[in-house]
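The values are calculated or read from the model by the stated rules, or taken from the named source; none is laboratory data. Since this is a predicted model, take the numbers as computed values, not measurements. Note that we place each Cβ from the backbone using ideal geometry, even for glycine, and neighbour counts take in every protein chain shown. Calculation scope for accessible area: heavy atoms of the full protein, side chains included, ligands and nucleic acids excluded. Shrake-Rupley method; radii C 1.70, N 1.55, O 1.52, S 1.80 Å.
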Amino acid sequence: MSTTSTSTTAGPPAYRGAADAAPSGVRGGALSADVGEDEVVLFVIGMRVNRLRRVRSWTYVARQMPAMLRELAALPDSPLLAFRSWWSGRDVMVTQVWRSAEELGRFARDQDHPHATAWREFNRRIAASADVGIWHETYVVRADQVESLYGNMPPIGLGAAYGLVPAGTRRATAAVRRVHGAAGDHALGQLD
């Protein structure tokens, strides 16, 4: 059995035995994120290379996010709970889970952290050229409105940020029914 799999059967019958069969690093079974009682803060940020030949512009922007993430990860009680980077064509995106919207805003404005300097430099050197596009979205969601499902996956997203519980637990089942309403029973049945 993998050291990262659960020791009990997680989720509905279709996943019976998955915990023992899961490869290293994968949590076998049907699981859900245990997001707690308050709120979930999801921050999605990205850049788009608008002009491929303007390498200096987009490499400057592309180097800033890893530096910020390294700094945040090094903080003893980091408000950044989890993150994951994605790349597709000219677009790069990072999904982040934060402890609170207030801490996210405080980090973004704090002159002692790299974000404020990077933002100033982007505005001064690159914004007017339109060589690079940037964007972000912040979602603050009540915990009782969050529904998640991970089937035979390593911890990712909210599951990496908050931890995982078997999908059949009362808390996970209640979240599915709240989000999906009457269709929640059908969604849960799809796990069988």
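The table below lists the values:
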{"quantity": "In the stretch 142-157, residue modelled with the lowest pLDDT [restricted to those that are polar (S, T, N, Q) and touching a Lys or Arg at 6+ places or on another chain (Cβ under 9 Å)]", "calculated": "Gln145"}
{"quantity": "Test: residue in the stretch 48-64 that is under 30 Å from Ala143 (Cα atoms) and either in contact (Cβ under 8 Å) with a residue 60 or more places away in the chain or open to solvent by less than 70 Å² (accessible area, probe 1.4 Å) (or both)", "calculated": "no"}
{"quantity": "Those residues of the stretch 68-84 which are in a helix (DSSP H, G or I) and open to solvent by 40 Å² or more (accessible area, probe 1.4 Å), in sequence order", "calculated": "Arg70, Glu71, Ala73, Ala74"}
{"quantity": "Inter-residue pairs, beta-carbon under 8 Å, first touching a residue at least 60 places away in the same chain (Cβ under 8 Å) and under 17 Å from Val61 (Cβ atoms) and in the stretch 95-123, second open to solvent by 20 Å² or more (accessible area, probe 1.4 Å) and not in a strand (DSSP E or B), 6+ apart", "calculated": "Glu121/Tyr60; Phe122/Tyr60; Phe122/Val61; Phe122/Gln64"}
{"quantity": "Residues satisfying the stated conditions in the stretch 89-119, i.e. surrounded by 14 or more Cβ atoms within 10 Å (Cβ to Cβ) and assigned to a strand (DSSP E or B)", "calculated": "Val92, Met93, Val94, Thr95, Gln96, Val97, Trp98"}
{"quantity": "Residue list for the stretch 23-67, filter: outside any strand (DSSP E or B), touching a strand residue (DSSP E or B) at 6+ places or on another chain (Cβ under 7 Å) and among the β-branched types (Val, Ile, Thr)", "calculated": "Val26, Val61"}
{"quantity": "Output for the stretch 104-115, where each listed residue is closer than 25 Å to Glu39 by Cβ and of a type outside the set (D, E, K, R)", "calculated": "Leu104, Gly105, Phe107, Ala108, His113, His115"}
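Condition check ((1) in a loop (DSSP other than H, G, I, E, B); (2) open to solvent by less than 70 Å² (accessible area, probe 1.4 Å); (3) modelled with pLDDT of 90 or more) across all residues:
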position	(1), (2), (3)
Glu121	no, yes, no
Gly133	no, yes, yes
Val140	no, no, yes
Gly159	no, yes, yes
Ala174	no, yes, no
